[in-house]
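Let me begin by presenting the structure, written as structure tokens, before commenting on it.
The values are calculated or read from the model by the stated rules, or taken from the named source; none is laboratory data. Quantities reported herein were computed from a predicted structural model and do not represent experimental measurements. Methodologically, a virtual Cβ is constructed for each residue, glycine included, from the backbone with ideal geometry; neighbour enumeration extends over all protein chains shown. Side chains are part of the model used for accessible areas, which takes the heavy atoms of the whole protein and leaves out ligands, DNA and RNA. Shrake-Rupley method; radii C 1.70, N 1.55, O 1.52, S 1.80 Å.
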Amino acid sequence: MIVYHLSTECYPIAKVGGLADVVGALPKYQNKIKGVDAKVVMPFYNKPFVREHEFDTVFDGFIHQRGNMLQVQVLKEKSDVLGFELFMVRIPGLLDRDNPYGYQDENYQFLAFQHGVLHWLSAMEIRPDVLHCHDYHTGLVPFMIEYCPEFAYLKGVKTIGTIHNGEYQGMMSWEMANYMPAFDSYKWGMIDWNGLINPLASMIKCSTAFTTVSEGYLEELFISFRGLESLVRQEFSKAYGIINGIDTEVWDPKTDPMLDFNFNSKNAIAQKKKNKEKLCKEYGLKPELPLFAFIGRFATEKGADLLPDVVWKSIKQSFGALNIMILGSGNTYIEDKLKEYDYTYSNFALDLGYKEHLSHKIYASADFLLMPSRVEPCGLNQMYSMRYGTIPVVRYTGGLRDTVEDISTGGAGLNFTYAGVDDIVHAMNRGLSIYNEKNIMENLIHANMNFDFAWEKSAEKYIALYNN
Ligand code: ADP
Ligand code: GLC
């Protein structure tokens, strides 16, 4: 079975969030299953990985976007170093940028990517068994292969659409239809939602089946989906929730080269302590106090707007009996407020920016990881933290409720219900009350490290779905 994953991110080439981690791992694990050949197709980016690896040009052609002729090159990484064939689509001016997102003309960018991929596959008469589209950036592919005459060769290919984040739907005005490959205009309804072109809605309508990255999140979408609730209810018979795994080859505390002190479950207590001492020293924190950490995008869906008040209130209420460390960036109001507290409180450390190495060190050093997400389709941070023996303190939502069970019901994490400062601080206080119970803490560290979030099971579930 030949599967092409289409995505704008893939670790380690270009990562903004969990999408990259999933697309960098799932195909590798799928390829371990007999008879499966999973590949990844992504836009070309000006990134170190591209300069450090060799590529063959496997296709050179042209597409037309509203009368403009755009060159399309497809480059294949020569050695399959990632455990799957990697193809990068290059279109000078649109798909040769430094980063996946953040450009004013990104609608053109994503349309060109989808058009370029399908043009290449059709022109070279490559007909995969499955096209697996990730998020709205590739959401128009199922429509295009059915209704664009240019891709007649691909008509009937099965498509899976995975919703990693339904908050982003890629809506654009109908004017943008002029930049799409010509399509059967009688079918316009298949890309429309409330008078706009909505790629995520189109993915739900036109894909053979669609998935969400946890079962809990799928249930929530029926009730709250930024206007697509009725659509997802109507299409429920082809909806599946499949929880993400984690790449246990990359995220392994025994071998992780980004850690100062590696550890296994036998020496975790002592080695985690050393990691924590080093990190605390570097950031002026107090290693004898519990360390709560947050890693992530400063967005309201992550509950990041609550963090400044959480810092202030938890330090004040506990009379300074804890440390908090935050790594992330995003909303500038949140950044500024946190910077202010970074100056004010010696128990608080802030590192602004995207720092892969530091994130690994924090997962290994912290005692507790905070995730006050309002929306969390799956969440990978809690799984990384658990694998590194750090207790997750999470809001009970989406993928978090599928992966973290509260200690009160036999689990090894702490849950809270509302994304509000009081509830978060209350959950942190529960953490503080167990921190000094040596036996409980040690048991929780071990219990968390022993959870099995490896990709194997979920990779099998996707293959079963493709076979279906
Ligand atoms: P999302 O994709 O919604 O941001 P996930 O929990 O699925 O959330 O994945 C986030 C990924 O990004 C994790 O691998 C996490 O470690 C990483 N990450 C987030 N922010 C940062 C940061 N500032 N520095 C390093 N890694 C980060
Ligand atoms: C999205 C979601 C996150 C999920 C990730 C990978 O970015 O916000 O919850 O873990 O995709 O599927």
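Let's see how each residue does on (1) outside any strand (DSSP E or B); (2) open to solvent by less than 20 Å² (accessible area, probe 1.4 Å):
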residue: G399; (1), (2): yes, yes
residue: L414; (1), (2): no, yes
residue: V425; (1), (2): yes, yes
residue: I440; (1), (2): yes, no
residue: L444; (1), (2): yes, yes
residue: A447; (1), (2): yes, no
residue: F451; (1), (2): yes, no
residue: S458; (1), (2): yes, yes
residue: I463; (1), (2): yes, yes
For residues that are part of a strand (DSSP E or B) and among the hydroxyl-bearing types (S, T, Y), scanning just the stretch 194-227, find the one that is nearest to L131 (Cα to Cα). T211
Just one of (1) over 23 Å from the mean Cα position of the chain (by Cα); (2) open to solvent by 40 Å² or more (accessible area, probe 1.4 Å) trips up I91, so point out which. (2)
Testing A349 on (1) within 15 Å of ligand 1 (Cβ to nearest atom); (2) touching a residue at least 40 places away in the same chain (Cβ under 8 Å); (3) within 21 Å of the chain's Cα centre (by Cα), one condition comes back false. Which one is that? (3)
Return the residues of the stretch 331-359 that are buried (at least 17 other Cβ atoms within 10 Å of the Cβ) and within 16 Å of ligand 2 (Cβ to nearest atom); say none if nothing qualifies. S359
With the checklist (1) part of a strand (DSSP E or B); (2) touching a helix residue (DSSP H, G or I) at 6+ places or on another chain (Cβ under 9 Å); (3) of a type in the set (A, V, I, L, M) in hand, flag the one item M69 doesn't pass. (2)
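Per-residue answers, yes or no, for (1) surrounded by fewer than 18 Cβ atoms within 10 Å (Cβ to Cβ); (2) more than 16 Å from ligand 1 (Cβ to nearest atom); (3) of a type outside the set (A, V, I, L, M, F, W, C); (4) not assigned by TED's automatic domain parsing to the domain that holds R430:
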{"position": "P287", "(1), (2), (3), (4)": "yes, yes, yes, no"}
{"position": "A304", "(1), (2), (3), (4)": "no, no, no, no"}
{"position": "P308", "(1), (2), (3), (4)": "no, yes, yes, no"}
{"position": "Q317", "(1), (2), (3), (4)": "yes, yes, yes, no"}
{"position": "I326", "(1), (2), (3), (4)": "no, no, no, no"}
Could you check the stretch 19-50 and list, in sequence order, the residues that are closer than 16 Å to A459 by Cβ, within 16 Å of ligand 1 (Cβ to nearest atom) and touching a Pro at 6+ places or on another chain (Cβ under 9 Å)? G24
Pull out all pairs, ordered by first then second residue, where Cβ-Cβ is under 6 Å, the residues are six or more apart or on different chains, the first lies in the stretch 370-387 and is on the phi > 0 side of the Ramachandran plot, and the second is open to solvent by less than 10 Å² (accessible area, probe 1.4 Å) and near ligand 2 (Cβ under 8 Å from one of its atoms). G379/G399
Restricted to the stretch 1-59, and to residues that are open to solvent by less than 50 Å² (accessible area, probe 1.4 Å) and among the aromatic types (F, W, Y), which residue is farthest from ligand 2 (Cβ to nearest atom)? F59
Where the second residue is open to solvent by 40 Å² or more (accessible area, probe 1.4 Å) and modelled with pLDDT of 95 or more and the first is outside the structural domain of Q65 (by TED's automatic domain parsing) and farther than 22 Å from H134 by Cα and lies in the stretch 166-185, which pairs have Cβ atoms under 9 Å and are six or more apart or on separate chains? none
The stretch 95-111, subset assigned to a loop (DSSP other than H, G, I, E, B) and under 18 Å from I197 (Cβ atoms), residue least open to solvent (accessible area, probe 1.4 Å): D105
